[in-house]
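Below: the structure, in structure tokens.
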Amino acid sequence: MVERTRFMLDEDKIPRSWYNIAADLPVPQAPPLHPGTHQPLGPADLAPLFPMALILQEVSTEREIEIPEPVRSAYALFRPSPLVRAHRLEKALDTPAHIYFKYEGLSPAGSHKPNTAIAQAFYNKEEGIKRIATETGAGQWGSALAAAGAMFGLEIKVYMVRASYNQKPYRRILMETYGASVVASPSMDTAAGRAILAEHPDSSGSLGIAISEAVEDTVMRDDTHYSLGSVLNHVMLHQTVIGQESILQMEMAGEEPDVIIACAGGGSNFAGLAFPWLGRTFRGGRKYQVIAVEPEAAPSLTRGTYMYDYGDTAKMAPMVKMFTLGHDFIPEPIHAGGLRYHGMSPQVSLLKENGFIEARSVHQIPCFEAGVLFARTEMILPAPESTHAIRAAVDIALEAKKSGEKKVILFNLSGHGHFDLTAYEAYLSGKLEDYEYPAKEVEEALAHVG
């Protein structure tokens, strides 16, 4: 008999407010800077890119921000998401640890990304915007925004990092099915893309390049706003429905986590799970071991420098203080395309810099090893990004086995891997390769910051 314990909440338990960690941060966050003047940004500077509601959320220090009813109603298509006790994985590892995962793969896009895509589409629609330009790495964000665009009647243009565009054709088809227009980045559609292709015709692209293209697309049109699926404060904010639900569900389970884990590329699914728990700590509650797990090929938190840097390659996006590998850095084409970013959320970076969270970097082969083990025990195929969290959870569970210590582990399974079977094929056939940390390339990229 397959044992599975799910902790399900009723629809009335969908959070009514997003949690804003800015209200509880023990250390103030450095302001974003204008990419041209290097002076602190004001609302007017961001107005060409974002609706005013999101700009106000970006700078808000209110602890709770009400979720508009149309957004909350749309959440009910897939929220609350289940919390699952991974009994079969625990048995396979022969560990005394209790392992729980919050499963975000039941959304229309198959990941956590609709939590912010729906909100961003709603606010743009409310402001009268007709079109949104964006970038996507592995395609989860592009899929989410394409679905949200269909929901609210918005035209969506997606610049998809070329490595993922080639690796994940069915993600592109999903976006196009929802009605989005998708091009491989770098593309010939923008001056930024054409400049990159002129110098590097075979460029595999990066999120930094794709962001440059999407921002350029936005500022060239009056009917268009830009939308970002990670990094910025308002995106972290929207994802906190994950952690808020998990707090209620862990109470249902009768346990409290010792360790909280999520993968981290730009920081959104990590923030979504971890920030509500960290808020409890900052308000005088229990302290948790909180771990962000990133790829060894793009280890911003573990090998990057904490400094102001541009959010994109062409230096069009605002400068933010974050852990960065340099805006010119282009990671190797690992299959966890959603984690191929040169920087990290300023809020996540601040927490790491001040010792409130930990960070680990791992290679993709041991991640896929853990992902296959998870698939064969829990019967869910995880996204390559999510395998990073699984790898850390497995390692901690094995440490508990050695020590005999019962630990309660909670991790975010940020999405399914149904569109990533070429990556699993490469792993299963022995063709998947690890990439060493590119110290020289990072040093060169950091030399261009400033």
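Here are some notes:
- MRE, 222 nm, helices only [DSSP H, n ≥ 4, -39500 (n - 2.57), over the chain, to nearest 500]: -12500 deg cm²/dmol
- Computed E for E176/L56 - FRET, C-beta separation, R0 25 angstrom, nearest 0.05: 0.15
- 5 Å-binned pair-distance histogram of the stretch 127-171 (Cα, whole percent): 5, 24, 30, 20, 13, 6, 2, 0
- Cα-only Debye scattering, the stretch 209-292: base-10 log of I(q)/I(0) at q = 0.11 Å⁻¹: -0.41
- Overall form of the stretch 269-365 per C-alpha gyration tensor (a/c, 1.5; a/b vs b/c): oblate
- The chain shape via C-alpha gyration tensor axes, a/c threshold 1.5: rounded
- Where labels lie 7 Å past Cα in the beta-carbon direction, separation of T305 and A375 in nm: 4.0 nm
- About its Cα centre, the dipole of the stretch 194-279 is roughly 140 debye, where the only charges are +1 on Lys and Arg Cβ and -1 on Asp and Glu Cβ.
- Gaussian network model of the chain, Cα within-10 Å springs - most flexible of Q364, Q249, Q120: Q249
- The reciprocal of the average 1/r between distinct C-alpha atoms defines the Kirkwood hydrodynamic radius, which for the stretch 59-194 equals 16.7 Å.
- Magnitude of the charge dipole for the chain, about its Cα centre and with charges confined to Cβ atoms of Lys, Arg (+1) and Asp, Glu (-1), is about 860 debye.
- Checking the cross-link pairs K168/K352; K287/K407; K130/K321; K402/K431; K287/K352 against a 22 Å limit on the alpha carbon distance flags K168/K352; K130/K321; K402/K431 as lying beyond it.
- Label-to-label distance, nm, for residues given as Y435 and L248 (7 Å Cα→Cβ offset): 4.1 nm
- Protection-proxy order for peptides 342-351, 101-110, 181-190, 194-203, each taking the mean of Cβ atoms within 10 Å per residue, highest first: 342-351, 101-110, 181-190, 194-203
- Modelled spin-label separation between L398 and L106, with each label point placed 7 Å from Cα along the Cα-to-Cβ direction: 3.1 nm.
- Cα gyration tensor, the stretch 153-218 - rounded (a/c under 1.5), prolate or oblate: oblate
- Contour excess over end-to-end distance, with Cα ends at H87 and T5 and 0.36 nm allotted per residue: 28.7 nm
- Average Cα contact separation per residue, the chain, under 8 Å, 6 or more apart, as relative contact order %: 19 percent
- Of the residues A97, G149, Y170, the one whose Cα sits farthest towards the positive end of the charge dipole of the stretch 63-210 is A97 (charges of +1 on Lys and Arg Cβ, -1 on Asp and Glu Cβ, taken about the Cα centre).
Bear in mind that the values in this text are calculations on the coordinates, not laboratory data. Since the model is a prediction, treat every value here as computed from it, not as a measurement. Heads up, the Cβs are rebuilt from the backbone with ideal geometry, glycines too, and the neighbour counts pull from every protein chain shown.
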